[in-house]
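Peer 1: Dumping the structure here so I can ask a few things about it.
Just so it is clear, none of the values below were taken in a lab; they were calculated from the coordinates. Here the structure is a predicted model, which means the values were calculated and not measured. Neighbour counts are summed over all protein chains in view; Cβ atoms, including those assigned to glycine, are modelled from backbone coordinates with ideal geometry.
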Amino acid sequence: MKFTPPTVISRRGLGSLLVASPVAAQAVQERSQKAIEDARQARSAQSAQLKSVQLAREIEPSFRFEP
Amino acid sequence: MAALAEEAYFQTLAEWNAQLRSRAISAKDLTKAFLDRLERIGPRLNAVALVLGRDALDQAGDVDRELKRERFKGVLQGIPYGAKDLLAVANRRTEWGAPQFAGQVFKESATVIRKLQRAGVVLTAKLSMIELAGGGGYRYASASVTGPCRNPWSMNRWAGGSSGGPAAAVAAGLIPFAIGSETSGSIITPCAFCGVTGLRPTYGLVSRAGAMALSWTMDKIGPIARTAEDCGRILEAMAGGDLSDPGSARKSFRFFPEYATRLPALRIGFSMADIEESADPALRPALREALETLRSLGAKLIDVALPDRPYSATASTIIGAEAASAFEDLIADGRIHQLKDERQAVGLAAAAEIPAVDYLRACRIRTLIRNDFAKLFGQVDVLFSPACYFAAPPIDEPIDRWPPQSGSRQTGGLRQIGPAGNLAGLPAMSVPCGFADGLPVAFTLVSRPLTENTIIAAAMEYQKRTNWHRRRPVL
């Protein structure tokens with residue numbers, strides 16, 4: 001059986017990883033935040049579309065098809 | 001057992017049944033042939049979540065013993081099939097296409113699986129799906145643990161979602177039929193992209209007990225097959241009341257196309273603008289020809305339009321709020337971000353913030369939509385529209401932005417029949433009607449609740465006249 005040797009990370013490589021990871025993490029977080037903001041905006045636009053419909057007070061919600 | 005001839009994999013249920021009953025082939029040999037094809041071609045398409053080899057062969061052996069004793073259970077007996085990986089199969093993995101549910105196992109099978117088992121149908125594979133049935137809205141075809149499901153007609157095109165695995169598997173002849181599910185478009189879209197026939201039943205006609213809940217008030221389970229007739233036969237075996245499903249309509253379904261209104265007496269509502277303005281120009285010749293064929297078969301075509309309402313926003317609000325509630329635990333503890341598609345994860349997280357008044361407003365708009373359809377079905381029996389307005393998109397393009405620079409009309413006519421029909425719980429069928437640049441084109445027929453026989457019978461007459469549903473891809 002052949003064993004794969006453990007990955008070797010040089011001191012320099014490890015250093016750059018340690019320096020880079022907070023930056024990378026921040027970039028991911030910012031991207032996620034932007035995506036969440038986009039999703040919220042889309043929801044807000046949908047909410048406005050729903051509010052544009054005139055609904056008489058007596059109209060009840062339909063939760064599902066009932067035969 | 002030698003592999004079957006290529007064309008044999010594309011036979012209808014009646015054709016397979018005749019061979020099984022005459023014992024020209026055994027259920028075990030038939031199952032072996034499809035298992036071999038699933039394992040050979042399934043991985044190329046990313047259509048398969050789990051092959052159930054030993055279970056399927058055991059069940060097929062039982063069927064052979066029954067057939068030997070002439071204990072016939074109907075046309076589906078002994079035929080292999082696949083189920084979307086959203087349906088629980090006892091003691092076997094059911095992962096819903098999502099990494100968070102890797103290795104998930106249920107003790108009991110879904111009602112639909114048990115019903116088909118009682119009919120002697122052989123469950124052969126769990127088929128791939130978009131993670132969590134795409135409830136949060138996804139951007140890429142790769143939103144699945146099994147990878148992007150490829151279209152058998154062109155491997156660099158998408159099979160559609162969320163029932164992409166079932167549609168691709170049937171289109172590629174990996175399985176004679178499959179079970180999919182639809183909340184809003186998940187059966188009709190992949191069937192249209194893959195050129196197979198699919199039926200979305202009336203809400204509540206098929207039990208969802210044992211199926212992943214995405215939207216309790218909109219989820220439906222339905223068959224995907226080669227022909228409309230096959231869909232009718234499968235629906236008969238699947239449908240029926242179930243106390244385990246609170247949404248059950250407690251109705252059974254008898255497949256009697258001969259008693260449905262025939263095409264010469266059928267009033268079909270359509271909008272020419274759907275074809276001439278909304279559909280991609282490449283699809284228009286096939287759609288025009290389909291409409292002309294229905295006219296030539298005697299159908300009376302009547303120009304109609306849906307009232308102007310925010311159908312997509314209404315469906316999205318209801319599905320979003322219900323999905324966010326169903327997956328509240330994943331959203332709360334952050335596991336939602338393990339989903340493969342970031343847009344889907346943030347979509348579900350944002351849906352958790354939908355105010356209760358918005359959800360109720362959407363459900364009240366649904367009342368208006370149901371009333372609109374009641375009026376519309378006073379004028380016509382069936383509605384006709386393109387099943388999709390463009391052909392299958394490239395597999396790595398953002399699908400929520402496809403087609404790029406689309407100038408197509410988004411409202412008017414029956415353009416919003418997809419979300420509208422789903423909100424009203426109406427049955428719909430996707431029927432292949434041609435090709436555009438080598439990719440399938442399909443139309444959809446929609447009718448009143450619990451009138452599946454009407455659309456199946458109309459599609460059967462159309463399929464007697466045409467052979468688009470008989471075409472098969474080169475693999």
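Peer 1: Sequence gap at least 6, Cα distance under 8 Å: using those rules, report the relative contact order of the range B:6-257 to the nearest whole percent.
Peer 2: Over the range B:6-257, the number comes to 19 percent.
Peer 1: Now, a different point. Can you list the HN-Hα couplings for the range B:91-104, worked out from phi with the Karplus curve (6.51, -1.76, 1.60; θ = phi - 60°), rounded to whole Hz and with x for Gly and Pro?
Peer 2: These are the phi-based 3J(HN,Hα) values: 6, 10, 4, 9, 10, 6, x, 10, x, 5, 10, 4, x, 5 Hz.
Peer 1: Related question: Starting from a Cα-only point model with no solvent, please compute log10 I(q)/I(0) by Debye for chain B at q = 0.11 1/Å.
Peer 2: -0.82
Peer 1: Name the aspartates and glutamates eligible as straight-distance cross-link partners of A:LYS51: C-alpha to C-alpha under 12 Å, and not fewer than 8 places from it in the same chain.
Peer 2: Once the sequence-local aspartates and glutamates are set aside, what remains near A:LYS51 is B:ASP358.
Peer 1: Ok, one more. Taking amide H positions as placed 1.01 Å from N in the peptide plane, with prolines and chain starts having none, which residues 5 or more places from B:LYS220, or on another chain, fall under 5 Å of its amide H?
Peer 2: Residues meeting the criterion, in which the H sits 1.01 Å from N, are B:GLU182, B:THR183.
Peer 1: So what's Rg/Rh here for the range B:6-257, counting alpha carbon atoms and using the Kirkwood radius for Rh? If you can, show how the numbers build up before the last one.
Peer 2: Numbers: Rg = 16.5 Å, Rh = 17.6 Å.
Answer for the range B:6-257: 0.94.
Peer 1: For the range B:321-347 and the range B:8-39, what is the separation of their Cα centres, given in Å?
Peer 2: Their Cα centres are 41 Å away from one another.
Peer 1: Pairs of lysines 8 or more apart, or on different chains, with alpha carbons under 17 Å: count those in chain B, would you?
Peer 2: 13
Peer 1: Let me ask something else. How high is the relative contact order of the range B:102-242? Use alpha-carbon pairs under 8 Å, at least six apart in sequence, and give a whole percent. Kindly include the intermediate steps, with their values, before the conclusion.
Peer 2: Numbers: 257 pairs, mean separation 32.5, N = 141.
23 percent.
Peer 1: Another question, if that's okay. Only loop residues by DSSP count here, and only those with at most 12 other Cβ atoms within 10 Å; note down the GluC sites (Glu not before Pro) in the range A:26-67 that meet that. Working shown, then result.
Peer 2: Values: sites: A:GLU30, A:GLU37, A:GLU58; in loops: A:GLU58.
Here the GluC sites (Glu not before Pro) that fit, given the DSSP loop and packing criteria, are A:GLU58.
Peer 1: Moving on to the next point. Among B:LEU263, B:LEU283, B:LEU4, rank each residue by its count of other Cβ atoms within 10 Å, from fewest to most, as a rough exposure measure.
Peer 2: Values: B:LEU263 22, B:LEU283 28, B:LEU4 18.
Exposure proxy ranking, most exposed first: B:LEU4, B:LEU263, B:LEU283.
Peer 1: Remind me, relative contact order of chain B in percent, using alpha carbon pairs under 8 angstrom and six or more residues apart? Show your work: numbers first, answer last.
Peer 2: Numbers: 1107 pairs, mean separation 86.5, N = 475.
It comes to 18 percent, rounded to a whole number.
Peer 1: Kindly write out, for the range B:217-223 in residue order, the coupling ³J(HN,Hα) from the Karplus curve 6.51 cos²θ - 1.76 cosθ + 1.60 (θ = phi - 60°), rounded to whole Hz, with x marking Gly and Pro.
Peer 2: Values per residue, Gly and Pro as x: 9, 10, 5, 9, 10, x, x Hz.
Peer 1: Where Lys and Arg each count +1 and Asp and Glu each count -1, what net charge lies around B:ALA102 among other residues with Cβ under 13 Å from its Cβ? The partial results should precede the final answer.
Peer 2: Working: positive: B:ARG93, B:ARG335, B:LYS340; negative: B:ASP85, B:GLU95, B:GLU131.
Here the count lands on 0.
Peer 1: Given the C-alpha centroids of the range B:411-462 and the range B:220-296, what is the distance between them in whole angstrom?
Peer 2: Centre-to-centre (Cα) distance: 5 Å.
Peer 1: Sticking with this structure for a sec: Give me B:ASP242, B:ASP308, B:ASP55 sorted ascending by neighbouring Cβ count inside 10 Å, so fewest comes first.
Peer 2: Values: B:ASP242 20, B:ASP308 10, B:ASP55 16.
Least to most surrounded, the residues fall as B:ASP308, B:ASP55, B:ASP242.
Peer 1: In the range B:438-475, what trypsin sites (Lys or Arg not before Pro) fall in a loop by DSSP, with at most 16 other Cβ atoms inside 10 Å? Each step should come with its number before you reach the end.
Peer 2: Numbers: sites: B:LYS464, B:ARG465, B:ARG470, B:ARG471; in loops: B:ARG471.
Those that pass, being in a loop and sparsely packed, are B:ARG471.
Peer 1: Roughly what % antiparallel, to the nearest 5, for the DSSP beta bridges in the range B:6-257?
Peer 2: Working: 14 of 21 bridges.
If we restrict to bridges inside the range B:6-257, about 65 percent are antiparallel.
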